[in-house]
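Reviewing the structure listed below.
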Amino acid sequence: MYAVISKEEKEFIGSLYDEYYPFWYKTAYSMVHNDHTAQDMVNEAFTKLIPKCSRLMSFDKNALLAYVHITVANTCRNYLEKAGKTTVTDPDDEIISNISDGISVEDDCIKSFDISILKSIIMKLSEKERAFLIMSYYDELGDRIISKHLDIPYNNVRMYRTRLISKIRKMYVTESKVSRHE
Amino acid sequence: MSKQRIKERLEEASISAAVEEMLIEQGQNIRSELACMDDSDKVKPDSSHRLNFDKALERAYRRGRLRTFLNSLRKPVKYTAAVLASVTVIFSVSIVSVDAFRIRFINWVTNLNDNYIHVDFNGESSQQNNPVSPEGTLIYLPPRFMFESIQDENNIKVVTYKSEDSFVQLTVYPINTSMNIDTENIDRGQSVEINGCDGMLIAKKGFTRITWSNEKSIYTLYTNDSALTDDELITAAESAD
């Protein structure tokens, strides 16, 4: 995909890069532990963000910063996985895999919603799962793009989503009970 | 929409809202973390990385400008193409269905062809403005005459030039052709020399004919224009190619 931006978008992404660079760099460095690679990762993450520029401009400023942060972290994670410097399977992914496929969606839909509980659950998820949720439910990206960004085989994206939602439902039930007791 | 689908939608909406809240909260944390950073922690990209990023931005920006420009062209190009297509269709239909228009068009194309040939032979046609035949059979043409037609059958070539109701006709026969020249009741007759070859000029009943031959062919130059002088006819005959 070729990136195409207007002058305003160019200035916007340029200022996002410059203004918060120390934080992007810190995020990348904390994962790759190398100055040059960390800078490469920030550039790669921003290169991925350039085509989405017009959409990013419509984000809430705080949400935008978190989104860029997650993109940088995700770029680093992909790099480390490809370089064989970390385990490809996230421990939390193992949890997802262990959830039975046979769960009936009808029985397991969350009946009532407490956003703050859901938020705390999302914060407990792995970086990759959070990135998946953000891309699916905030950025509203298609499965093919998500599979590219997160390095998940395209055919597994739907399954990944189903299992992740099941995991959230289970965690929600547990968390709700805990909060009721409190 | 089924109850199950409504529940799923509600669930998706709740997750979206939670994700958004989480993002906003994270963003606030990033801001406060950045505010607390020491100056020493506030690193800047090195020049090569900054340059690479600037290049990527510039590329995207240039593509953006190019796309804007192409988009601005799209509308006029569409209109122009539509107009050209309409004109072509109307023109084609007219040529096919309207006789007068078709004849005019064919005449126009023929004129173009004539003009082209005229230019092609202009260098050799000396003083005269008259166009000559495509084969250049007569390089010199008496004034007012224009190429009319050429026929080539059984190795006999007949080239006709016209001027209003007068004509000049050159006929070229193969050398082995036997010919009879009618000299009965002629107005006048004389021997002539055409390009070193013997020939005969005969005038009879308002028609003048020069007949001569060389090693390859027998030629006859024939006219009904009594205003043409013998010299003009001889000059034309000598220019026969």
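We did not get these values from a lab; they are worked out from the coordinates using the rules stated. In this text, all values refer to a predicted model and were calculated from it rather than measured experimentally. FYI the Cβ positions are ideal-geometry reconstructions off the backbone, even for glycines, and counts take in every protein chain you see.
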**Report entry** Listed residue pairs exceeding 24 Å between alpha carbons, taken from A:Lys119/B:Lys44; A:Lys26/A:Lys167; A:Lys119/A:Lys177; A:Lys26/A:Lys170; A:Lys61/B:Lys44
**Finding:** A:Lys119/B:Lys44; A:Lys26/A:Lys167; A:Lys26/A:Lys170
Report summary line: For A:Lys48, the lysines lying under 16 Å Cα to Cα, once residues fewer than eight places off in the same chain are dropped, come out as A:Lys10, A:Lys148, B:Lys55
Report summary line: If unit charges are put on Cβ atoms (+1 for Lys and Arg, -1 for Asp and Glu) and the dipole of the protein assembly as shown is taken about its Cα centre, the option from A:His149, B:Ile95, B:Ile234 lying farthest towards the positive end turns out to be A:His149
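Using helices alone, I'd like the mean residue ellipticity at 222 nm for chain B: each DSSP H run of four-plus residues gives -39500 (n - 2.57), total over residue count, nearest 500.
Working: 4 runs with 117 residues, N = 241.
Calculated from helices alone, the mean residue ellipticity at 222 nm is -17500 deg cm²/dmol.
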Query raised in the report: Does the protein assembly as shown classify as rounded, prolate or oblate by the C-alpha gyration tensor (a ≥ b ≥ c root eigenvalues; a/c under 1.5 gives rounded; else a/b over b/c gives prolate, otherwise oblate)?
Result: prolate
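Taking loop as defined by DSSP and a crowding limit of 16 other beta carbons within 10 Å, which trypsin sites (Lys or Arg not before Pro) in region B:1-82 fit? Before the final figure, lay out each step's value.
Working: sites: B:Lys3, B:Arg5, B:Lys7, B:Arg9, B:Arg31, B:Lys42, B:Arg50, B:Lys55, B:Arg59, B:Arg62, B:Arg63, B:Arg65, B:Arg67, B:Arg74, B:Lys78; in loops: B:Lys42.
Here the trypsin sites (Lys or Arg not before Pro) that fit, given the DSSP loop and packing criteria, are B:Lys42.
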Report summary line: Computed over chain B, the relative contact order (Cα-Cα under 8 Å, seq sep at least six) in percent reads 11
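In debye, nearest 20: dipole of the protein assembly as shown around its Cα centre with unit charges on the Cβ of K, R (+) and D, E (-)? Intermediate results must be reported in sequence, preceding the final value.
Numbers: 52 positive and 62 negative charges, 547 e Å.
Once rounded to the nearest 20, the dipole reads 2620 debye.
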**Report entry** 20 Å cut-off, amide nitrogen to a point 7 angstrom out along B:Arg144 Cα→Cβ, residues in region B:202-241
**Finding:** B:203-210, B:221-237
Query raised in the report: From the Cα gyration tensor of region B:172-214, with a ≥ b ≥ c the square roots of its eigenvalues, which class applies: rounded if a/c is under 1.5, or else prolate if a/b is larger than b/c, or else oblate?
Result: oblate
**Report entry** Relative contact order (%) - criterion: Cα under 8 Å, at least six apart; region: region B:141-241
**Finding:** 23
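Could you give the dipole magnitude of chain B about its Cα centre, charging the beta-carbon of Lys and Arg +1 and that of Asp and Glu -1, in debye to the nearest 20?
Working: 27 positive and 35 negative charges, 400 e Å.
The calculated dipole for chain B is roughly 1920 debye.
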